[in-house]
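The values are calculated or read from the model by the stated rules, or taken from the named source; none is laboratory data. From a predicted model like this one, the values you see are computed outputs, not experimental measurements. Here Cβ is always computed from backbone atoms with ideal geometry, including for glycine, and neighbour counts include all displayed protein chains.
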């Protein structure tokens, strides 16, 4: 019988009053030697010197999430949230995983211990949408830097997705979900088969999941008209292009249909009427994993999977700023002044974007024992291939020509001849690919004896070739497409690496680990990352741990190899402005356009980091485990984009910082005016972040009423500084995230209740303050009388909670932290035989 002690009562009060989840590490002891994320050495103790959280398949299913990308959006370690599919975005099919708020490109994603290919349409990070949920056995999250073991990108942590194996039988699953808000409906199907024998086995499966499009007009706030001055409005300008009046509606235009409406003196456009804020997306996948005993101590293995992610997004018609000449029949002033027109090309239709991303992955290898070593060696080929088609975009020079010669009448745009509309409309395209070919070999062995046991040494070598291309259509490259832009990039490199890891049980209960990795890049240089960690068990059921090391992130191929791209940037530069104005001094901060070229910077080096952490795990009772860790990450030589205005300010002395190598401002030797600006990426600045993670795991039986489990995870960011500026607690970066997952098992029934919590962020005194946010997910599972049949019903966001409408990054709310699906009931049925 469950005893109501003071400790139990305190724990229950804490659980019931805490508005927070994530998964907890597995604490069951297992004498089998296993490889734990963060180390290449197999060991019997899964609770080592590094903080690793294990998310089981049962926890994935109990969350109600349809995809891996959807599940990891709620983990407490994602301090600033994760990018997710957004209609109209340049990466509308992309889903990221961003640990510690340091960026998805500083979070390393592995599949069965080997790095996944980067999404070619992003270039620097993995697309979590491409990973099918059906093939996942568990997810291991290492919340510590691990470049010493895995190399580049592992600054904020490592997420290792472990695929299913040793499955026997056939399992089918189908499910559907329908949010209260129209759109965003989900469908899923999985089929898995497994055969196991004395010499080997195979597990294979297929799956498909999809989520529908959500239009803004169907959201609770979508009934409010979207206000955009890019409707049909003009203002007068002088010969230097400087405005001489405010914007006014174009006279003679019936601003009352087709999305246009009057807003004061303006003719505005309601983009909420046609635009979608959530892209329609689907994932179709096949996977297979097999192994076969080829000798007494050797087996061969083959892992392969194919994933296809398709999306469709819709954005409002193209907005554009066009200059109308004095003598144009479209000039609203009758020829007294040049005019700047802010116009919405609604007559040309919406912008529709279709994407298709295919991932192919084949891994072949052998593992076994020889000469006292445990050996694992193999080869792998991955390829991520992306295609994008965009319709309804405007070719700016042609549109400007048609407006100025009167072919396109701004007073009657919907009356324009079809050949005029078609003549200025373009279909844009993009083809991208990321290929990765890899050969690897790892060996481990006992090297000497210590009072605490045998010291283990692991050695590894890898050779990897990366090939990347992201090619935009020629019009986008030329910068003449309104509503879209592109910068092609392509390149390749070879990466050779060597790793060593030594675990020394100095005395019983005290292990010291040393690790180091050297990587040589063919395109920029070398990196080396060492690490030391200590695990100490002062008493049974308690383990203390600490680690310190360095890390690095190599500059990505898309940055190192980007094609030069031209744009006419509007900047403030008094010298240039006065020269362009014929020697007349300009007003303070008056803008002038200068030729700006975004270039690839061959001087880029890798980012480097230092990190340390300490904490421990304690089995407080036979039913309660507590873990706590402090972590600290400092990054130098941050790779960031330096814009034209920043470079100009440095060139004229108003900003004391030096101009990074490879970039600069080219001025005329005669009058000092700007001839061109070379902008791009550079190594500059620092990022610092530190915080605390706390986890509780409770599991106990209630006599006659089954058993209860509680998984609680809380992450608190103490500081998040960029070049010394504090970001933690500001809008977009809450200091606190937590989750609490409760499971009650009783006979044929399981009941899951998950609470997700995001802390407040923003300033109380400002309009960007966002209060604390809590949602509740409930699920009931019934193992039906039909043997092998399981029925699941659940509701995500039971209380129908919606985010605060505080604009963020061009959206009506913070899309990285919140969603707007509202209450979402779902049902699943699985059958195993």
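The one condition from (1) touching a helix residue (DSSP H, G or I) at 6+ places or on another chain (Cβ under 7 Å); (2) within 30 Å of residue 403 (Cα to Cα) that residue 235 does not meet is (1). For segment 403-420, the set of residues classified as over 17 Å from residue 250 (Cα atoms) and within 42 Å of the chain's Cα centre (by Cα) consists of 418, 419, 420, listed by residue number. For residue 747, the test of being surrounded by fewer than 18 Cβ atoms within 10 Å (Cβ to Cβ), over 23 Å from the mean Cα position of the chain (by Cα) and within 13 Å of residue 804 (Cβ to Cβ) is failed.
Scan segment 779-789 and tell me whether some residue there is touching a strand residue (DSSP E or B) at 6+ places or on another chain (Cβ under 8 Å), more than 30 Å from residue 171 (Cβ to Cβ) and assigned to a strand (DSSP E or B). No, segment 779-789 contains no residue that is touching a strand residue (DSSP E or B) at 6+ places or on another chain (Cβ under 8 Å), more than 30 Å from residue 171 (Cβ to Cβ) and assigned to a strand (DSSP E or B).
Of note, residue 406 does not satisfy the criterion of being surrounded by fewer than 18 Cβ atoms within 10 Å (Cβ to Cβ) and farther than 23 Å from residue 231 by Cβ. Inclusion of residue 616 among residues that are part of a strand (DSSP E or B) and touching a strand residue (DSSP E or B) at 6+ places or on another chain (Cβ under 6 Å) is warranted.
Which residues, taken from segment 619-637, are under 13 Å from residue 551 (Cβ atoms) and assigned to a loop (DSSP other than H, G, I, E, B)?
Within segment 619-637, 637 is the sole residue that qualifies.
The strands (runs of 3 or more DSSP E) located wholly in segment 241-335 that include 3 or more residues which are under 30 Å from residue 199 (Cα atoms) occupy 280-295, 298-315.
Entry remark, segment 223-238: residues being touching a strand residue (DSSP E or B) at 6+ places or on another chain (Cβ under 7 Å) and in a loop (DSSP other than H, G, I, E, B) number 6 in total. Which residue out of 691, 662, 732 is surrounded by 15 or more Cβ atoms within 10 Å (Cβ to Cβ) and assigned to a strand (DSSP E or B)? Answer to the check: 691. All of (1) within 25 Å of the chain's Cα centre (by Cα); (2) modelled with pLDDT under 95; (3) over 30 Å from residue 399 (Cα atoms) hold for residue 466 with one exception: (2). The set of residues in segment 77-100 that are on the phi > 0 side of the Ramachandran plot and within 10 Å of the chain's Cα centre (by Cα) contains only 81.
Could you please let me know if residue 650 is farther than 20 Å from residue 580 by Cβ, outside the structural domain of residue 692 (by TED's automatic domain parsing), in contact with a strand residue (DSSP E or B) (Cβ under 9 Å, 6 or more places away or on another chain) and modelled with pLDDT under 95? The answer is yes for residue 650. Tell me, please, whether a residue that is surrounded by fewer than 19 Cβ atoms within 10 Å (Cβ to Cβ) and assigned to a helix (DSSP H, G or I) can be found in segment 384-393. No, there is no match, as no residue in segment 384-393 is surrounded by fewer than 19 Cβ atoms within 10 Å (Cβ to Cβ) and assigned to a helix (DSSP H, G or I).
For segment 341-364, name all the residues that are buried (at least 19 other Cβ atoms within 10 Å of the Cβ) and part of a strand (DSSP E or B). 341, 342, 343, 344, 351, 353, 355, 357, 359, 361, 363 - these are the residues of segment 341-364 that are buried (at least 19 other Cβ atoms within 10 Å of the Cβ) and part of a strand (DSSP E or B). Taking the criterion of being over 28 Å from residue 506 (Cβ atoms) and crowded, with 17+ Cβ neighbours inside 10 Å, the residues of segment 445-466 that qualify are 462, 464, 466.
The residues listed here are 798, 805; of these, the one that is part of a loop (DSSP other than H, G, I, E, B), at pLDDT 95 or above, on the phi < 0 side of the Ramachandran plot and out of contact with any helix residue (DSSP H, G or I) (no Cβ under 9 Å at 6 or more places or on another chain) is 798. For segment 492-505, what are the residues that are surrounded by fewer than 18 Cβ atoms within 10 Å (Cβ to Cβ) and under 29 Å from the mean Cα position of the chain (by Cα)? Matches in segment 492-505: 492, 493, 494, 496, 498.
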